[in-house]
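Derivation of every value follows stated rules applied to the coordinates shown; laboratory data play no part. Keep in mind it's a predicted model, so treat the numbers as computed, not measured. Heads up, the Cβs are rebuilt from the backbone with ideal geometry, glycines too, and the neighbour counts pull from every protein chain shown.
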Ligand SMILES: Nc1nc2c(ncn2[C@@H]2O[C@H](COP(=O)(O)OP(=O)(O)OP(=O)(O)O)[C@@H](O)[C@H]2O)c(=O)[nH]1
Ligand SMILES: [Mg+2]
């Protein structure tokens, strides 16, 4: 198999390679014949921030190959003591709200201040169109050239649950590699934003001006997930409107449940074009962390997120296991027919299903 077809190949353009490149007179990451990994070397390289090794480790965790997955999990386990030290920030908003441009400007500012920034994206549409990731690569062009930035699109295939598991694991690996700010972009549609809320510390919702009607119609649900609502593209003629819109959101927020106990959801405005409003954003996030550590909400949320993740994985595993057993899909389909034509109640269907599968 050529290197390029291997699951371990680092996708071109994913990582900016500056410091990783020099150390790549390669020991093979996975010795192909025996499917072994020199864990100590891999751990040491990743802890030193070697981007190529980091990308390869992520690829292992994303792999559908069972052996690779096992290697990846063991590697992750060894890196776990070095995880958890970042600020994890989720960024959501409707398509076109300017999330990617915002991340480029914000990420660059943070790199300039000496932070190491990892950008991950969850884009449920990318598996269908394949287009967004390509677009993002050009939009984050400057950031991807930064030595202290690492950009990784979400895997473009698989179930939503699978994509989220991989994003969480990627986040942990990035933390081990020294990234102290993790930015996760997700399109503001569907279950994806709830899932991202459940893996980050701070959740930022980008909105646009001229959204008076939208404001009325905007789902209360998503505003209640946000720790800050930022009116984006506050530049040129739009600036005045942006301020006004921010005020309107502030009023509405009074009526809603805050996303984080003890924290009042903030309203902000910024322009990625003019690079204005950004200092204040990170100040807000730092203050959020300070408060959260003080009143323990920060750690409690993280622990809860990890246990919920575990429970979700149990469910995923059980469901996968169930449907992978021969005959179960057909049994479910035939019971569904019986339920629809009234010859079984749903509860009876469940009884029969598990009585049958227990016998097998
Ligand atoms: N005026 C103005 N336009 C902006 C600003 N930021 C982004 N844009 C424009 O808004 C459009 C959408 O920006 P993106 O960053 O691609 O938006 P997105 O939310 O990532 O979009 P999806 O990934 O498709 O959901 C682009 O044409 C940008 O040039 C800004 O600060 N001011
Ligand atoms: Mg985008």
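Odds and ends about this structure:
- Rough spin-label spacing in nm, given labels placed 7 Å along Cα→Cβ, for residue 312 and residue 194: 1.0
- Label positions at residue 303 and residue 287, each projected 7 Å from the Cα along the C-beta direction, are separated by 2.8 nm.
- In nm, spacing of pseudo-spin labels at residue 255 and residue 334 (7 Å Cα→C-beta vector): 5.4
- Net lengthening on full extension, residue 85/residue 352 (0.36 nm per residue, minus Cα-Cα): 91.2 nm
- Centroid-to-centroid separation of segment 267-292 and segment 74-114 [C-alpha atoms, Å]: 14
- Each semi-axis of the equivalent ellipsoid for segment 238-360 is √(5λ) with λ an eigenvalue of the Cα gyration tensor; in descending order they amount to 51, 21, 15 Å.
- Applying 1/(1 + (r/R0)^6) with r as the Cβ-Cβ distance of residue 341 and residue 237 and R0 = 51 angstrom yields a FRET efficiency of 0.25.
- Using C-alpha pairs below 8 Å separated by at least 6 residues, the relative contact order for segment 244-360 is 12 percent.
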